[in-house]
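No value in this document is a laboratory result; all are computed from the given coordinates. The shown structure was predicted, so the numbers you read here are calculated from the model rather than taken from an experiment. Every residue, glycine as well, gets a Cβ built from its backbone with ideal geometry; the counts of neighbours run over all protein chains shown.
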Amino acid sequence: MAEKLIHLIITRQDSPDSTPYKEEFKIPYRPGMNVIGALMEIQRNPINAQGQKTSPVNWESNCLEEVCGACSMVINGKPRQACSALIDKLEQPIRLEPMSTFPVQRDLSIDRSRMFDALKRVKAWIPIDGTHDLGPGPRMPEVERQWAYELSKCMTCGVCLEACPNVNAKSEFIGPFAISQVRLFNQHPTGQMNKHERLEALMGDGGIGDCGNSQNCVQACPKGIPLTTSIAHMNKETTKHAVKKFFFS
Amino acid sequence: MAKGHSFLSHKLHSLLGLFPIGLFLLFHLTANYQATRGAEAFNQTVGLIENVPLLLVVEFVFIYIPILFHAVYGLYIAFQAKHNVGNFGYFRNHMFLWQRVTGIITLIFIVWHVWETRIQKALGASVDFDMMANIFSSPAMIVFYTIGIISTVFHFSNGLWSFLVHWGITVGPRSQRVATYLTMVVFVVVTFIGLRAMSAFIL
């Protein structure tokens, strides 16, 4: 019996400024294989579909269980994690592309720093450092902890930014994930103490105002985070904050 | 666009779309609907509007300036998006695209419509049943106005849905879904009013 092959079409780019090109690969199939496994096979034996020796395809990955977000790429047109993309469930030829909303570094690996900059901008953390022991913080009600936990599943993978039509080279939009993170940290009993700082960051240029309600983010999020609910909720909170600030202080 | 004002500009854009522009649209189409009761009734309604005190000020404050801001900022928003309904063919993403497409169609329609009616009035023509009947004597204009009315009402109805989200009124998925159905009903009803009124001028 002839060996079963996997057909891959990969969008490659040699350096951050060079022109992308497509290269095809045909690699042997193994049961239970995922896209990372296929890329590892190319790394082991970097021969393209024409039988020529080529450079191995560059990609990023880490946890291999869809919790770190590092291996996000566009697979058959949809941004998702390569580790949880099983070959058996993909239509062939499998098209792999980098998430080009981000600066491409090489092949499938991208620079997601804009997401970390966005988290810094909206202060997506809880400041607890002090010069002395402040004691335990207020308790969080269990019912709230349950939904807040869902928001905390965000792994900064970048899929929502890739899916969003308003995140692109012409816009400064920080993206859906950062808005949802503000909701998470503003809900936390200790985080609440600095909520105005995060609200004001959301009200800056490229903030929540840039959301155009295409709602692709909530469809694309691999962790099922209710991003559009977070956005609408933060729309309400930022509006209330703006009105309060204008009239009362 | 001015630095640091994007939140305010977006909020103003969303607000103006409903108050006063959306309300003006409803008022305008209902006033037109008087034509279904005959030329006399329509001309009477026009006369009533023309007798509003300080009409020119009212027109500028409640119609021209809001529409101008909404249009200019809307074009900026529309051309900023990178449309991707090919890869993300979800209902809301299609609505996102259509909101921008109808915005541009509506702008072209309004510019033409204002030229043909309000500016002609300023140049000395009189706005009445005969003027509209004359416009609709051309089949091309009937097609153009039909597209224009449907596009405008779609932009208004779907914009109403977005307004509810932008102001944090419909937050969860259930309320947003119900709002989708309600704004669809608004679209059908208001489109009917608009097109029925237009048909009254076609002799």
Here the residues within region B:19-49 that are touching a helix residue (DSSP H, G or I) at 6+ places or on another chain (Cβ under 8 Å) and under 14 Å from residue B:190 (Cβ atoms) are B:21, B:22, B:24, B:25, B:26, B:29, B:30, B:31, B:32, B:33
Of A:120, A:170, the only residue that is in a helix (DSSP H, G or I), more than 21 Å from residue A:81 (Cα to Cα) and not hydroxyl-bearing (Ser, Thr, Tyr) is A:120
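Does region B:86-96 contain at least one residue that is within 14 Å of chain A (Cβ to nearest Cβ) and among the aliphatic types (A, V, I, L, M)?
yes
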Those residues of region A:84-125 which are among the aromatic types (Phe, Trp, Tyr) and more than 22 Å from residue A:164 (Cβ to Cβ) amount to A:125
Residue hits (region A:221-249; within 18 Å of residue A:164 (Cα to Cα) and assigned to a helix (DSSP H, G or I)) are A:227, A:228, A:229, A:230, A:231, A:232, A:234, A:235
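Does at least one position in region B:52-68 carry a residue that is surrounded by fewer than 19 Cβ atoms within 10 Å (Cβ to Cβ), touching a residue at least 60 places away in the same chain (Cβ under 8 Å) and either closer than 24 Å to residue B:203 by Cα or more than 14 Å from chain A (Cβ to nearest Cβ) (or both)? Outline the logic, then answer.
As a first pass, look at region B:52-68 and keep what is surrounded by fewer than 19 Cβ atoms within 10 Å (Cβ to Cβ): B:52-65, B:68.
From what is left, the residues that are touching a residue at least 60 places away in the same chain (Cβ under 8 Å) are none.
Checking region B:52-68: not a single residue is surrounded by fewer than 19 Cβ atoms within 10 Å (Cβ to Cβ), touching a residue at least 60 places away in the same chain (Cβ under 8 Å) and either closer than 24 Å to residue B:203 by Cα or more than 14 Å from chain A (Cβ to nearest Cβ) (or both).
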Of those in region A:181-212 that are aliphatic (A, V, I, L, M) and more than 18 Å from residue A:151 (Cβ to Cβ), the residue farthest from the other protein chains (Cβ to nearest Cβ) is A:193
Here the residues within region A:222-249 that are farther than 27 Å from residue A:72 by Cβ and within 10 Å of chain B (Cβ to nearest Cβ) are A:236, A:237, A:238, A:239, A:240, A:242
Within region B:142-180, residues touching a residue at least 60 places away in the same chain (Cβ under 8 Å), more than 14 Å from chain A (Cβ to nearest Cβ) and more than 16 Å from residue B:98 (Cβ to Cβ) come out as B:142
Next on the checklist: Given the condition over 24 Å from the mean Cα position of the chain (by Cα) and either surrounded by fewer than 17 Cβ atoms within 10 Å (Cβ to Cβ) or touching a residue at least 60 places away in the same chain (Cβ under 8 Å) (or both), answer yes or no: does some residue in region A:55-73 qualify?
Outcome noted: yes
Q. Small (Gly, Ala, Ser), buried (at least 16 other Cβ atoms within 10 Å of the Cβ) and in contact with a strand residue (DSSP E or B) (Cβ under 8 Å, 6 or more places away or on another chain) - does that describe any residue in region A:7-24?
A. no
